[in-house]
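For reference, the structure is listed below as structure tokens.
Read the figures in this text as sums done on the coordinates, not as results from a lab. Computed from a prediction, not measured in an experiment: that's the story for all the values here. Here the Cβ positions follow ideal geometry from the backbone for every residue, glycine too, while neighbour counts run over all protein chains shown.
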Amino acid sequence: MDQNSSVVEVTFQLSQEQPETEQPKSLVKRLWLKFLLVLFVSALIGTLICLGFYSQRKTSEAPVPCTSPACLKVAEHLSAIMDPFSRPCDYFLFTCGAESVSLSRGRQRGRVISNNLTAGLDRRWTDRGKAGGGRRVNKEAENESHRDKTADRLPDRRTALLHTIKEILESPVRNVSMKSVKEKAQRFYNTCRDFKNKESLNSENFLALIQKLGGWVVSRRSTPTDFNETLTLLMSKYNTFPFFSVYVGPDRRELHGNGSQNYIQIDQPDFPTPTDWNSNTNRSIINPQSLRPFYSFCKQLLDLFNVPFSQHCGLYMSLCSTLVTATSPLTYRLSQKLLYHRITIQKLQLLAPAIDWLKSLQAIFHPYSVSQSDFVLLHNLPYIVHLSHTISDWKIKHETMGSDSLHMYMILTLLQTLIPAMDSRFTQTLRNFSTAIGSREEDVPHWRHCVQQTAECFETFLGQVIKEQYAREEAEEMMHDIYTVLKSKVVNLSWREEKTRDLVLNKINSLNARLSVNTEDQLDLNEHYAEVIINEKDYFSNYLQLLVLQQKRMCDLFSGTAQHDVLLISPFLSGNDVIIPVGLFVSPLFHPTYPRAVRYGMLGSIIAKDLLHLLLPNILSQSESPRLESECVWLQYLHRREGPGRSESSSLSQSQQKEVWVQYSALEIALQANAYNKAFQRQSTDTSVSGLFHIHLFLTSFIQASCDSGPNRAFMPFEPSFLVTVLCRNSNFCPKLMTCDNKSQGNPQLC
């Protein structure tokens, strides 16, 4: 008898048990309602059972493939990765392409690199002269596309970001006005790209410009100028600092560090020639081998203007040599505590009276207020004092010799700033000089140079476009998940001292992780760039606009309203925030359409690694856990490479211990991130890439991302992809055990 028949029988019996006189129509109606209710519940239960059976059947099947253009593109990279579960003995030897082939012939011990003494200091010293970075315009590399699209490894972070910006700048402009910021950015980029094909002799443009600055003594067409007026104009309008550099940043020596207050900072400049340090006299001198190329460089520049160089190059070199003797390397200034010397502008004026400091700084940071009582930070006070004496002496020489050598020196410095916007004769002259002094950088493809220049000019616009198109809610979610799991990882470490543990935990808990572009602080971009006028054909004038915008960015930073550099590719601290650059969230490292396994295995592990380096720089001295974990991982590696019984043949340096722990912890953090754990539930929205899904896809993505280069990559004594073997041995997440038949005896302990 089925369920419905039983319900009918019960209803009939109830109706028979009541006297006919007690069966009003209302009672019959209630019974029929109960019957219908039971019938509905029965049907609902049956439906749920069917859905559950269907759902169970569906989850046992592989998710549907991700067919977005981004997924299809990243599939090309993932398909080239050796499957760790089919080749568990040696898959990790070949992950990073040709660079790792040597690992198959012998264990990599790890190179020793001197510590970067600029770590923790203002990025001015590690990325000095952002405007000057564009001075080297090199020829297009014929095999650039081949290098960027190597099948078995991802492009580095910066290349991936530049390719994304290039796509934005080359995308069609639809339904926008000629005054829109996108149209201005694309116009700037196009004039830069076409500059080599439509090259004009911009020496005339330069000569017209310096006529506004009083002319040029070498051309015998000059008018007397005031030294401080010319210097102020160069610094405030053309982002050129002949005698000292000016930038903005926090005081790194403040007790609480990472403060939100920014100060004007004054440092020694970048001189165009390499210097040698004499530790006996504590003085710098121009490298003797660079003197002849330096003189030739000056002579060739003047020849391009068809003006006699006579004694001018000699005077230029003499002044440069005099100034450089008071400069000192960063290591010396650190030892002598010359960095972050706080002083008022009024007192600075007394110590170095040859410079009109208040007038210069007021012009540089206009329209923001600068007064004599404001503090500035000096990074080499002896140099500033020496500079003042030198300028005073040379002014006296100028009066007796009848030549304004100081003015000529400033104009030559401006010319070096503007070389990227000059014709190829100037760029070739600079390239020859760089080669002669042994400092020539790798050739930069012209498209890459133009993307970098445009990004410096329109970084606020490009940052918001990347945020809107690429780093959407999925980026915010992953960022917070990674940081939450990282904090729990730090809590569970074994600390040497309770006080140190509390200090570190309080610091990490007080910080907020956020993207470098705030959704809440969206600007009216067209209004923000309203004063920027881009010429469709003249790159020289557009480059002058770039210098103005670079100056404006420094002013905004001084006022506390600056946007972060869109070209940044590593997390950093700012006040009470851990800033995750929006430029990290670009393909192929990240895309909103990727399965979560790809997002967390690839970029999630990279961000976790960067955060550990940023927040725990001294972890080995504070906790015993990293050393023990890294040694355990190392023993497992030796066992897998050399077999049992030979695992004590070598040990790791402290730098290697830290890097092994950071890389392995980053893998664990990315795996344990809350958003990724949800993906293990095999939701109906899950997708696959290259036939892989869930944990298998996560691990393959991590293996691909493990080739990520960085300043600490050299300290990794083996391919980071081997960490998958360790993870699978220490957990039950992997789809199957990674056993190695020919080396399966005497397994080391679990980590």
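Please list, in chain and number order, the residues 5+ apart from PHE572 or on another chain whose amide H is under 5 Å from its amide H, with Hs placed from the backbone.
Under 5 Å from the amide H of PHE572 lie the amide H atoms of ILE579, each far enough along the sequence or on another chain.
Could you sort the peptides 486-492, 236-242, 580-586 by per-residue average Cβ neighbour count (10 Å cutoff), highest mean leading?
Going by the mean number of other Cβ atoms within 10 Å, highest first, we get 580-586, 236-242, 486-492.
Semi-axes of the equivalent ellipsoid for the stretch 327-479, please: Cα gyration tensor eigenvalues, times 5, square-rooted, ordered largest first, whole Å.
Largest first, the stretch 327-479 gives 36, 27, 18 Å.
Would you mind checking LYS166/LYS552; LYS337/LYS489; LYS337/LYS397; LYS182/LYS467; LYS212/LYS552; LYS166/LYS537 for any pair whose Cα atoms are more than 26 angstrom apart?
From LYS166/LYS552; LYS337/LYS489; LYS337/LYS397; LYS182/LYS467; LYS212/LYS552; LYS166/LYS537, over 26 Å: LYS337/LYS489; LYS337/LYS397.
What whole-number volume per residue, in cubic angstrom, does the convex hull of the C-alpha atoms of the stretch 395-536 give?
Convex hull of Cα atoms, per residue: 316 Å³.
Just to confirm my numbers, what's the Cα centroid distance between the stretch 591-638 and the stretch 474-514 in Å?
The distance from the Cα centre of the stretch 591-638 to that of the stretch 474-514 comes to 13 Å.
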